[in-house]
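The values are calculated or read from the model by the stated rules, or taken from the named source; none is laboratory data. The structure presented is a predicted model; accordingly, all values stated were derived computationally and were not measured. Positions of Cβ are backbone-derived with ideal geometry, glycine not excepted, and every protein chain shown enters the neighbour counts.
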Amino acid sequence: MTQTLNPHFQQRQPALARWLRTTAATAAMALAGASAMAADQLPGKGVKVLPLKSSIAEETFQTLLVMKALEQLGYDVQPFKEVEYPTAHTAVANGDATFLATHWNPLHADYYKNSGGDAKFYRKGVYSDNAAQGYLIDKKTAEAYKITNIEQFKDPKIAKLFDTDGDGKADLTGCNPGWGCESVIEHQLTAYKLRDTVTHKQGTYSALIADTITRYKSGKPIFYYTWTPYWVSNVLKPGKDVVWLEVPFSSLPGEQSKLDTKLPNGKNYGFVVNKQHIVANKAFTDKHPDAAKLFELMHLPVADINAQNSLMNQGQNKSSDIERHVNGWIKAHQQTFDSWIDQARAAAAKS
């Protein structure tokens, strides 16, 4: 059985050498000369900025790129603080922090609304598009038992195939509390009547998925949730190693409840393909139109994020490694990066 995936769920393999082989020294030299500007052309001079990010280490790349762009405008960018999404949205809305570079829309719609919505946040432009999520199982078991839909896990015999702790129920490697995806999974376990046969395993996702990959390598069935951009789908390749499971019908919680998750090709993987935005404190962007323009303009291809995340999974996960990756990306996209800075400065000049 060959599974045809929607392009949103395909993992593109970019030509990494162009920017990821850049040495730290070369990149630093490029950054020093990037968008050079006189002191009176630094609209953010003397203004402190506090970035936030979640506990997902792989989101450091996106966050650091925004921080470096703000520094080019003269802002005094503080080291980022690490908090989970609900707290991050509240802090940005209240002005206790400046921005979050990885707001998922619509996954974080409830956090956005509950923290004040458009009255409190600035959210323009799309930082990264085509962020997919869903449930997967290993291809070998899928083909042997003709499993294509999570609804089939209502059958205790199917569920037992994915039992890792001996209780007879399928064990789903799931989502950390506070990420947003956990509320969707919990909602769907009830909606699809899977409570009696499926256990949602939660904890530290990186540890849980490492155990899941170990199980796969030992030839055992696996059942897990994941998302893109992230490195997992570069290790467990959809269509080759694993397959996406469909859901019987669209069913989402809260602000997402009226959304249809069916894709144009008729497939329904249970989640809306998300856009990631930079969300910032509205009072801050009202006062600093250059920052507002920068947040609106910045864009990262999802394939570039996947590629960098894969390097982290391969051991290049120290702060110095991620710094090198960001500097390398900027050098390889210098014209684009400089244009963001120039257009941001122009916005400040107009105000």
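For ASN281, the requirement of being modelled with pLDDT of 95 or more and either in contact with a strand residue (DSSP E or B) (Cβ under 9 Å, 6 or more places away or on another chain) or basic (Lys, Arg) (or both) is met.
The condition of being of a type outside the set (A, V, I, L, M), over 20 Å from ALA101 (Cα atoms) and buried (at least 20 other Cβ atoms within 10 Å of the Cβ) holds for only one of LYS293, LYS331, LYS350, that being LYS331.
Total residues in segment 75-128 satisfying the condition of being over 17 Å from GLU182 (Cβ atoms) and of a type in the set (Val, Ile, Thr): the figure is 5. Among residues of segment 95-117 being touching a residue at least 60 places away in the same chain (Cβ under 8 Å) and farther than 24 Å from LEU300 by Cβ, the one that is farthest from the chain's Cα centre (by Cα) is GLY95.
Report yes if some residue within segment 196-214 is in a loop (DSSP other than H, G, I, E, B), under 20 Å from the mean Cα position of the chain (by Cα), surrounded by fewer than 18 Cβ atoms within 10 Å (Cβ to Cβ) and polar (S, T, N, Q); otherwise report no. Yes.
I'd like the full set of residues that are in contact with a strand residue (DSSP E or B) (Cβ under 9 Å, 6 or more places away or on another chain), under 21 Å from TRP340 (Cβ atoms) and in a loop (DSSP other than H, G, I, E, B), limited to segment 47-77. Correct list: VAL47, LEU50, TYR75.
When LYS240 is tested against (1) under 23 Å from GLN308 (Cβ atoms); (2) touching a helix residue (DSSP H, G or I) at 6+ places or on another chain (Cβ under 6 Å); (3) of a type outside the set (A, V, I, L, M); (4) assigned to a loop (DSSP other than H, G, I, E, B), just one condition goes unmet, and that condition is (2).
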